[in-house]
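Enquirer: Before I ask anything, here is the structure I am working with.
None of the figures in this text is laboratory data; all of them are computed from the coordinates on show. Just so it is clear, the structure is predicted and the values come from calculations on it, not from any experiment. Using ideal geometry, Cβ is built from the backbone for each residue, glycine included, and neighbour counts are taken over all protein chains shown.
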Amino acid sequence: MGATHETHTCEAFIALLQHIAKDRGWQLIRERALPNGRRPDVTFEQNAIPRGYYEAKDSSDDLDREIARKFEQGYPKFNILFEDTRQAVLYQNNTRIDPVSLAPENALGLARLLQTFFEYSAPDIERYDDALARFRDNVTALASSLRNVIASAHERQPAFQAAYQRFHQICQTAIDPAIRPEQIDEMLIQHLMTERLIRNLFNNPDFSRRNVIAAAIEEVIAALTSPAFSRDEYLRELNTYYQAIEAAAVGLDFTTKQRVLNEVYGRFFQGYSTRVADTHGIVYTPQEIVAFMCQSVIDILRDDFGKTLADPEVVIVDPCTSTGNFIVQLLLRANLPPPDLRNLYRERLFANEVLLMPYYVAALNIEHTFYELFGSYEPFEGLCFVDTLEIAERKQLSFLTERNTERVRRQKEAPITVIIGNPPYNAWQKRENDNNRNRRYPILDARIRETYSADSRATLRNSLYDPYVRFFRWAVDRLEGRDGIVAFVSNNSFIDGYAFDGMRKHLLQDFTHIYHLDLGGNSRKAQHGEKISNVFDIRVGVGITIAVSRRAHTERHIFYCAVPEEGKKQKKLEWLAQHTPIPLPLSPQAGKGESEIADATSPALLGQAADATSPALLAGRGSGGGVWRTPPELWHKLKHFAREMRRNPTPAEEHLWQHLRRAQRHGVKFRRQHTIGQFVVDFYAHEAHLIVEVDGEIHERTQEYDALRTQVLESMGFRVLRFTNDEVFNQTVSVLKRIDEALTPIPRPLSPQAGKGESESADATSPALLAGRGSGGGVWHTPPELGKEETKAAEALTPIPRPLSPQAGKGESESADATSPALLAGRGSGSGVWQSITPNAQHNWLQVAELDAFQTFLPMGSKHAKTDMQGAPQTIFDTYSGGVKTNRDDVVYDFRQNVLLERVKQFINAYRAELDRYKQALEDKESAADDINIDDFVDYTRLKWDGTLKMHLQRQRKTKFDATKVRQSLYRPFCKQWLYFDRLLINSIYRQHYFFPTPETEAENRVICLTGTGSEKPFMVMLTNLISDLHLVGAGSGSQCFPFYTYVEDGTNRCENITDWALAQFRAHYGDQNISKWDIFYYIYAVLHQPEYRARFAEPLKKELPRIPFAPDFWAYAQAGRQLGDLHVNYESAPEYPLREVWALGKPMSYRVEDAMKLRSSSAPGKYVLEVNSSLRLEGIPSEALAYKLGNRSALEWLVEQYRVKQGRDPNGYGDEQYIVRLVKRVVHVSLETLRIVRELPNLF
């Protein structure tokens, strides 16, 4: 191949491996550390289990010698591939496979080798994969069987009945007064099916005894045991899965076992109870997010409050801890001496979880972290099995067990000052027929009503009761007026959602500084075919909010930053990792510097313990309170030691330095023999936080220490690359390539003020760590005797400078309160810069300038004008309405009228039967006080229920079948369907019965349908003469309809809906009395298509109904609007665009859609092809036709999406076999004509 260095082939080889791995479902991870600290070039993983490794070497290497060295260093032998640009060697199951030449003529040999590599699976892993694949289905079956066992015990076992009754009463008091027996049964089943796995996977045989909740549940399980039920015998069916999972996890480190457990956990809930996952919105928080948030809190405490996690005023709770990752990260990043860290763990850390299995996992994770830090087990007494929001609802405290109740009591009495976590993201149950409603919290919901809801201008405010909003409201109240911090990663609809204006208002009243990092990921806002990645793999947008309340702040500020939307989930997480603040290191013990350690190899470098068995991060780190600082004498000793090392480098260090010193690689300057905390590192690039170490011969005797040193440096936020002397001398190009790849410098911050950079701030150059910020003993400071050299050495520990103050001309050093924390400093440019936001009077945070300009235009309508029966409304339209909201499209819509009528008959008959049954139940009640729970009463197997239909049942409303109620409707753009227009069967018809009360009104009325407020889809508008659906452009976007005429319900008393006030405004502005209301109507329709209007006011159009500006040329817009209106209303009679019909040979001719049409790009430039069915395709579709968008799809894509055969629905029901094909041609014509008319519109501004 001609290549001699690994860099010439490494990236190409990795790209090849990545391509194959993707097909296999393996994840490629670069330089992931093994349990022994070694980092293979690539690790492959699937289902959280390592599958193989890849290591690249140079052709100048002795490959066999290098392989032997790697194995001596502890590299695994079960499936690892080595290559040196000339040959590839594979080891599998400790056996070497014959080398394969990488010469071009041996491509087949390489292919076979890679096939062997990717197809290999150790027996334990094969069993593990098979277990995971079948785990879900078997869990479902076994859980169902266990429910039957428990149901039988309820009836036949007195001992179980008594124990269960006691436990049920405890759960009613502790968890939810309305908790149902089946919910408690599920808790027992979860425990039965997962306790063994948790116990064995983590080698924790005493888990059920130690854990306060597991012990209580074990008592009930013990009562369940009988001659008819043996736990071990009954769970024998799962033994294969348990054993396979446990065997595959042997030898894995704790972190990898956590990933395995998370994988199993996900499979468990997929099979066991999707309803539980639906209710609680089970989502795991990526470690990058956890790390960012935890370090942000730590840095804000330091920079804003002058405190650390050691301060007694810092009391922390994670209210929805899931698997405990936030608490774990806080412990790992606390940088406290052992006594202070123990105190934090025992007294000032709290966490809550309401689901049993994650509660168990959280206990394991947190308690194991403590064990890793201190070498001894201690239960985490701050962990409570409780619904956090329920604590606020009740004064009476009793939570499951005495110990758990005591934990909750202690938490409730604690003066919480920091709240951090990931609240549930799920708002409402996905389907009413799941009977899975999220529970209500009367006290908390009342607080939302009197604050967030009371100050909202929105009509629909249901989203204000989303779980994450409840947690924001709870968090504010839980601070109880104290200074503090709330850090949540959550759905971020509140940032710009229309219904959240009141919430935004109160957040800025409740907090003095708010930082919001927008992680994007709202797939519902994506254009059709556009892929938007989400860090949680969910459909709603996500953001990190860090809200600070401090009485000393003299001004209130909002800072906003958006992570770039392009790229996959991993790219966003990498961006976040790069911008995660670096934790400040602890200084070593006073007087103990690296210079005092004779050969720099002793474990005592990390503490007094010489046996390297005490926890590395905590051992022997001095004493005393406050924040640690490096003693002056240590700095002087380290300075002298580093200077001597610079004067006397090793040959390998000198060789590498000659390459690093010649040029500032990627604009990054390297320093050699640089002091960081208690270490002197070989080479350091401050801008990239990158450390490069050269390991000499002594490294063979200090591997354990070096791995420990690397672990400490990485825990501080630095990246560490290690190279051997041999690699530096013989693989220099490869070494430099690795260094270049690692150089990702963090850009310097931009000032929020135009033209103001950090260099203009008063003291932006002095290290924040050493700048003496704050007061008292809780602040890092530079000893006065240190000079320039020491300050330069300390820059490695310096947080990124803060953004300039929003005050004009004020830099951060001039700001009275020095508020912006270093971690949240504006980094880089473009979308990566923190913006200072000033809300407008309507409490909008984003696009404020456009929103204010928007307010100067004429309003199309308002809810006040719509409901005001007195006076003349000052809006263009008197009234408007949403489209019909059915909540059961599959019942009341169909392409075929006869099929629809038959289905509706069946539905009405089933409803009547339910009504009769309900009446009988009312008669059979023992007393009037006995309520019938309608959610539990109705039969979900016969009808598709919603809240409105249940209300009709409770009010005993009747209905009868009436074929005259069938009407044509516009279901989706350019897609008509028959609709059974009936109040009882449709959730809400809104005012559609006043717009089109009879079929005759369709001939004369016109309605402008447009995107309503709060839409997740791009703005769209379409004219129609039919009843339209609320979700005209799909879920996540409601439509609002503005008719020209309104009627009473019998079709009489026709009234013009455009107000006289609007007519007067237009005539006065243009000085033209010839302007009519129809002219205004079509003028508006054209304005709403105008590209500049849509682009400039995209944000305002999400928040409120359109406002209409006065265009320079009224008549040009009125004429264009009339053309557009006629084109869109009469699309079925539009000319057919001349597409070429291409028929497949040997197949019968047919115009019918058989399954789904397929639209794809053509080999002809600028053209598309539509495959109608297996015999017919339409060619020559101009790509420009797809530019006419309605929501996130083009008109043609809506046609393809809707006119397909699915779930018994057949769109070929128009009596004309060619209807759909002709419709395609017509919609292509309509699309092109629409674009032409819009292009010719004159400028609007």
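Enquirer: Can you say what percent of the DSSP beta bridges in the stretch 432-578, counting only those with both residues inside, are antiparallel? Round to 5.
Expert: Looking only at bridges with both residues in the stretch 432-578, the antiparallel portion is about 70 percent.
Enquirer: Peptides 931-944, 53-66: what's the order by average Cβ count within 10 Å, highest mean first?
Expert: 53-66, 931-944
Enquirer: Specify whether the C-alpha gyration tensor of the stretch 998-1085 places it in the rounded, prolate or oblate class, a ≥ b ≥ c being the square roots of the eigenvalues: rounded for a/c under 1.5, otherwise prolate if a/b is larger than b/c and oblate if not.
Expert: Note, shape of the stretch 998-1085 comes out oblate.
Enquirer: Right, here's the next one. Quick one: what are the phi-derived ³J(HN,Hα) couplings along the stretch 475-483, Karplus 6.51/-1.76/1.60 with θ = phi - 60°, whole Hz, x for glycine and proline?
Expert: 4, 4, 5, 5, 5, 6, x, 6, 4
Enquirer: Could you tell me which of rounded, prolate or oblate describes the stretch 891-985, using a ≥ b ≥ c as the square roots of the eigenvalues of the alpha-carbon gyration tensor, with rounded for a/c under 1.5 and, failing that, prolate when a/b is larger than b/c and oblate otherwise?
Expert: Prolate.
Enquirer: Contour minus end-to-end for Arg1236 and Glu1099, with contour as 0.36 nm per residue of separation and end-to-end as the Cα-Cα distance?
Expert: So the extension gain works out to 46.7 nm.
Enquirer: Another question, then. Decide, for the stretch 432-578, between rounded, prolate and oblate: order the square roots of the alpha carbon gyration tensor eigenvalues as a ≥ b ≥ c, take rounded if a/c falls under 1.5, and otherwise choose prolate if a/b is larger than b/c, else oblate.
Expert: Judged from the Cα gyration tensor, the stretch 432-578 comes out oblate (a/c at least 1.5, b/c at or above a/b).
Enquirer: Search the structure for amide H atoms under 5 Å from the amide H of Arg722, placed 1.01 Å from N in the peptide plane, and list their residues when 5 or more places away or on another chain.
Expert: For Arg722, the qualifying residues are Glu693.
Enquirer: Then there is this: On each of the three principal axes of the Cα atoms of the stretch 920-1077, give max minus min coordinate, whole Å, ordered largest first.
Expert: For the stretch 920-1077, the Cα spread along each principal axis is 75, 36, 32 Å.
Enquirer: Principal axis lengths of the stretch 1131-1239 from Cα atoms, whole Å, largest first?
Expert: That gives 42, 30, 25 Å along the principal axes, largest extent first.
Enquirer: With just the Cα atoms defining each centre, how far is the stretch 53-97 from the stretch 1170-1245? Give it in Å.
Expert: Rounded to whole Å, the Cα centres lie 57 Å apart.
Enquirer: May I ask you to list the residues of the stretch 321-350 whose amide nitrogen lies under 15 Å from a point 7 Å from Cα along the Cα→beta-carbon direction of Ser376?
Expert: In the stretch 321-350, the label zone of Ser376 (backbone N under 15 Å from the point 7 Å along Cα→Cβ) covers 338-343, 345-346.
Enquirer: How charged is the neighbourhood of Gln1218? Take every other residue with its Cβ under 14 Å from the Cβ of Gln1218, and add Lys/Arg as +1 and Asp/Glu as -1.
Expert: Net charge in that neighbourhood comes out at -1.
Enquirer: Among Trp657, Trp1198, which comes first, second and so on when ranked by fewest other beta-carbon atoms within 10 Å?
Expert: Taking fewest neighbouring Cβ atoms as first place, the list is Trp657, Trp1198.
Enquirer: Cα centroid distance between the stretch 459-502 and the stretch 179-198, in Å?
Expert: 32
Enquirer: Further, regarding this structure: Once the Cα gyration tensor of the stretch 17-175 is diagonalised, what are the square roots of 5 times its eigenvalues, in whole Å and ordered largest first, as equivalent ellipsoid semi-axes?
Expert: One finds semi-axes of 52, 18, 13 Å for the stretch 17-175.
Enquirer: For Tyr1214, Tyr994, Tyr360, what ranking results if the residue with the fewest other Cβ atoms within 10 Å of its Cβ goes first?
Expert: So the residues, fewest neighbours to most, are Tyr1214, Tyr994, Tyr360.
Enquirer: Using modelled backbone amide H atoms (1.01 Å from N, in-plane), which distant-in-sequence or interchain residues come within less than 5 Å of Leu858's amide H?
Expert: Placed amide hydrogens put Ile1108 under 5 Å from Leu858.
Enquirer: Order of Cys384, Cys1055, Cys975 from fewest to most other C-beta atoms within 10 Å?
Expert: By the 10 Å Cβ count, ascending: Cys1055, Cys975, Cys384.
Enquirer: Please give the length that would be gained between Asp1060 and Lys568 if that part of the chain were fully extended, namely 0.36 nm times their separation in residues minus their C-alpha to C-alpha distance (nm, one decimal).
Expert: 171.8 nm
Enquirer: Remind me, relative contact order of the stretch 891-985 in percent, using alpha carbon pairs under 8 angstrom and six or more residues apart?
Expert: In percent, rounded to a whole number, it is 42.
Enquirer: Full-extension gain between Asp1216 and His864, please, as 0.36 nm times their residue separation minus the C-alpha to C-alpha distance.
Expert: This chain segment gains 122.0 nm when fully extended.
Enquirer: At a Förster radius of 41 Å, what calculated FRET efficiency corresponds to the Cβ-Cβ distance of Ser1161 and Glu413, to the nearest 0.05?
Expert: Efficiency, from the Cβ-Cβ distance: 0.05.
Enquirer: Residue-wise, which Karplus ³J(HN,Hα) couplings in Hz belong to the stretch 318-330, taking 6.51 cos²θ - 1.76 cosθ + 1.60, θ = phi - 60°, and x for glycine or proline?
Expert: Whole-Hz 3J(HN,Hα) from phi for the stretch 318-330: 9, x, 8, 6, 6, 9, x, 5, 5, 5, 4, 5, 4.
Enquirer: Here is the link list: Lys568/Lys1102; Lys885/Lys960; Lys70/Lys571; Lys976/Lys1017. Which ones come out longer than 23 Å on Cα distance?
Expert: Lys568/Lys1102; Lys70/Lys571
Enquirer: Please sort 114-127, 1076-1089, 1215-1228 by packing, taking for each peptide the average over its residues of neighbouring beta carbons within 10 angstrom, highest first.
Expert: 1076-1089, 1215-1228, 114-127
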